[in-house]
Amino acid sequence: MDGVHVDIVEDENTQVLKFKTGELDVLYPPLAQYDDLVKTYATNVYKTADMSYYRIDFNIKRKGPLQDIRVRQAIGYAINRDQILAKILKGQGYLAKGIFPPGLPAYNATLPGFSYDLAKAKQLMKDAGYADGFSLEMVMRSGRMEDEHLAFQEALKQIGITVNLTKVDSATYWQLLGAGETDIAYRNWYADFADPDNFMAPLFHTGTDSSMGWAKPEYDAIIDKAAKLTRMSERIPLYQDLEKKLIYQDVVQFPL
């Protein structure tokens, strides 16, 4: 081919319209119209796993209940990921056990993962001293993954957490995240290149805007060391050990 022209269209309905009128040759089907599109263009559908990671981010720097690791754990156990994957995401995805997606070097299939356990979530809230619950602020982009946000809001209501959802445009959304003006956020990351460093450095290294202000100097040193090693066999154990600490020990994020 002489080239590829990428048309950046934020509105999903406009994307679909452009595809149907022949202005686009390729379309990533929006979930709201996924069933109809896959049925209509059944012979033209191509499915493949991509290197992405969806998660709940916790603003641990902000004073409040989220500074208690038990509260962060409770939020994770209260979310029925199987239900969200099946009903909202149309089965398009994998339940994440950690940070690295399947197919990426350092992906660890032996991680224990997380289960939906409402009783455990309620007990953790009680142990943390929040049996009566509290409120959290959560921002979301207008027209982007709204059903998932509503599912999180309903799930956390079951353990006494009131999630105040604020719908904003994209520019405001990123501004609020960067300023730490939200307690939790539903976010994703798509790899720029197939290397575990591209998940660790942008998401967890001091100075990035993706960790909602969380940072740990000793973890920075591990990330820097792993990036300089030339053998993947030497790098992978460092990344996998750090992944366990971030998700299972510190509960910096909850993988979805």
Checked region 29-61 for anything open to solvent by 40 Å² or more (accessible area, probe 1.4 Å) and in a strand (DSSP E or B); matches are Y54
Name the helices (runs of 4 or more DSSP H) wholly within region 95-179 that hold at least 1 residues that are modelled with pLDDT of 95 or more and surrounded by 14 or more Cβ atoms within 10 Å (Cβ to Cβ)?
-> 118-127, 146-157
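Restricted to region 200-233, and to residues that are assigned to a loop (DSSP other than H, G, I, E, B) and among the β-branched types (V, I, T), which residue is farthest from the chain's Cα centre (by Cα)? Steps first, answer last, please.
Going through region 200-233, the residues assigned to a loop (DSSP other than H, G, I, E, B) turn out to be 205-216, 229-231.
Now narrow it down to the ones that are among the β-branched types (V, I, T): 206, 208, 230.
On the way: T206: 19, T208: 16, T230: 29 Å.
Here the answer is T230.
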The condition of being open to solvent by 30 Å² or more (accessible area, probe 1.4 Å) and touching a Ser or Thr at 6+ places or on another chain (Cβ under 6 Å) holds, among A227, A194, A215, A221, only for A215
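Looking for whichever is aliphatic (A, V, I, L, M), loosely packed, with under 11 Cβ neighbours inside 10 Å and assigned to a loop (DSSP other than H, G, I, E, B) here; the options are V26, V9. Which one fits? Before you say what the answer is, go through the steps one by one.
Details: V9 fails: loosely packed, with under 11 Cβ neighbours inside 10 Å.
Sole residue among the options that is aliphatic (A, V, I, L, M), loosely packed, with under 11 Cβ neighbours inside 10 Å and assigned to a loop (DSSP other than H, G, I, E, B): V26.
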With the checklist (1) open to solvent by 70 Å² or more (accessible area, probe 1.4 Å); (2) of a type in the set (D, E, K, R); (3) more than 20 Å from the chain's Cα centre (by Cα) in hand, flag the one item D68 doesn't pass.
-> (1)
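Can T21 be described as exposed (fewer than 14 other Cβ atoms within 10 Å of the Cβ) and either under 27 Å from W189 (Cα atoms) or among the small types (G, A, S) (or both)?
Against the criterion (exposed (fewer than 14 other Cβ atoms within 10 Å of the Cβ) and either under 27 Å from W189 (Cα atoms) or among the small types (G, A, S) (or both)), T21 does not qualify.
Is at least one residue of region 234-253 part of a helix (DSSP H, G or I), among the aromatic types (F, W, Y), over 28 Å from T110 (Cα atoms) and open to solvent by 30 Å² or more (accessible area, probe 1.4 Å)?
Taking region 234-253 as the starting set, the residues that turn out to be part of a helix (DSSP H, G or I) are 234-249.
Then keep just the ones that are among the aromatic types (F, W, Y); that gives 239, 248.
Keeping just the survivors that are over 28 Å from T110 (Cα atoms) gives none.
So far as region 234-253 goes, no, none of its residues is part of a helix (DSSP H, G or I), among the aromatic types (F, W, Y), over 28 Å from T110 (Cα atoms) and open to solvent by 30 Å² or more (accessible area, probe 1.4 Å).
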How many residues are aliphatic (A, V, I, L, M) and within 17 Å of the chain's Cα centre (by Cα) if we restrict to region 78-135?
-> 11
Considering only residues of region 76-94 that are in a helix (DSSP H, G or I), under 19 Å from I184 (Cα atoms) and not aliphatic (A, V, I, L, M), which is least open to solvent (accessible area, probe 1.4 Å)?
-> G76
Hey, L203 under 30 Å from L118 (Cβ atoms) and modelled with pLDDT under 95 or not | yes
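The values are calculated or read from the model by the stated rules, or taken from the named source; none is laboratory data. Given the structure is predicted, the values throughout are model-derived calculations rather than measurements. For neighbour counting, all protein chains shown are included, and Cβ atoms are generated from backbone atoms with ideal geometry for every residue, glycine included. Heavy atoms of the whole protein, side chains included, go into the accessibility calculation; ligands, DNA and RNA do not. Shrake-Rupley method; radii C 1.70, N 1.55, O 1.52, S 1.80 Å.
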